[in-house]
Amino acid sequence: MKIPEFVKDTIKKLEDAGFEAFIVGGCVRDLLMKKEPGDWDVTTNARPEKILEIFKDSKYENTFGTVLVSIKNKKGETEHTVEVTTYRSEQGYSDRRHPDEIRFEDSLEKDLERRDFTINAMALRLKKEKSEEIIDLFGGQKDLKKKIIRAVGEPTDRFKEDALRMMRAIRFSCQLNFEIEEKTLRGIKKMA
């Protein structure tokens, strides 16, 4: 897989500081589909304040645990941004769009199980011997091969949490030319 050096360097700095770090979400999906990711997301067990210590020019202006790490060129200009987010779980969605509570977690598994679709719930570990390992707890690779959009867990629960996920399922289906899995489609019809 073709992973830019600035992403590898971001992960290495987190690991050198004693933390776990994985490429996650749509980046992994795109890499497995041999597409170039539009943006780069990393998840870690480091809390935002620790990420800010490691990356001095970064920004943290949200409640979701996402730190924007600026990658500068030789002129000191921001050339790339890596979104580094602390493992998290989410509770309560009173507006059916945003979580009422964000809880930082210590395990990658907790972070992956909160995600929308199996094809977006995979992580990529960069190993020391210049290889990669895919962490796929929900069958995302299988669904990629079958060209299926499937919710992580119970579809109606995912759509109750965030109603926008229904539109995302349809968008992914159209953009990727994938079928929406039957139970996920029933969930969309029920919750629409």
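For the stretch 152-192, the relative contact order comes to 53 percent (Cα pairs under 8 Å, sequence separation of at least 6). Per-residue SASA remark: Thr63, around 100 Å² accessible (1.4 Å probe; ligands, DNA and RNA not included).
Would you please classify the overall shape of the stretch 1-152 from the alpha carbon gyration tensor, given that a ≥ b ≥ c denote the square roots of the eigenvalues, rounded means a/c under 1.5, and beyond that prolate means a/b larger than b/c while oblate covers the rest? Oblate is the answer for the stretch 1-152, as a/c is 1.5 or above yet b/c matches or exceeds a/b. Qualifying trypsin sites (Lys or Arg not before Pro) in the stretch 53-90, where qualification requires a DSSP coil assignment and no more than 16 other C-beta atoms within 10 Å, comprise Lys56, Lys74, Lys75. Normalised by the number of residues in the stretch 63-192, the mean separation of alpha-carbon contacts (under 8 Å, six or more apart) gives a relative contact order of 18 percent. Calculate what fraction, in whole %, of the accessible area of the stretch 95-176 sits on carbon and sulfur atoms when a 1.4 Å probe is rolled over the protein chains. For the stretch 95-176, the apolar C and S fraction of the accessible surface comes to 48 percent. Protein heavy-atom accessible surface, 1.4 Å probe, per residue over the chain: 55 Å². Computed on the stretch 1-124, with alpha-carbon pairs under 8 angstrom and 6+ residues apart, the relative contact order is 24 percent. Exposed loop sites are taken as GluC sites (Glu not before Pro) in a DSSP loop (any state but H, G, I, E or B) with at most 14 other beta carbon atoms within 10 Å; the longest stretch of the chain without one runs 130-192.
The values are calculated or read from the model by the stated rules, or taken from the named source; none is laboratory data. Remember, predicted model here, so these are calculated numbers, not experimental data. Counting neighbours? That spans all protein chains shown, and the Cβs are built from the backbone with ideal geometry, glycine included. For accessibility, only protein heavy atoms count, side chains too; no ligands or nucleic acids. Shrake-Rupley method; radii C 1.70, N 1.55, O 1.52, S 1.80 Å.
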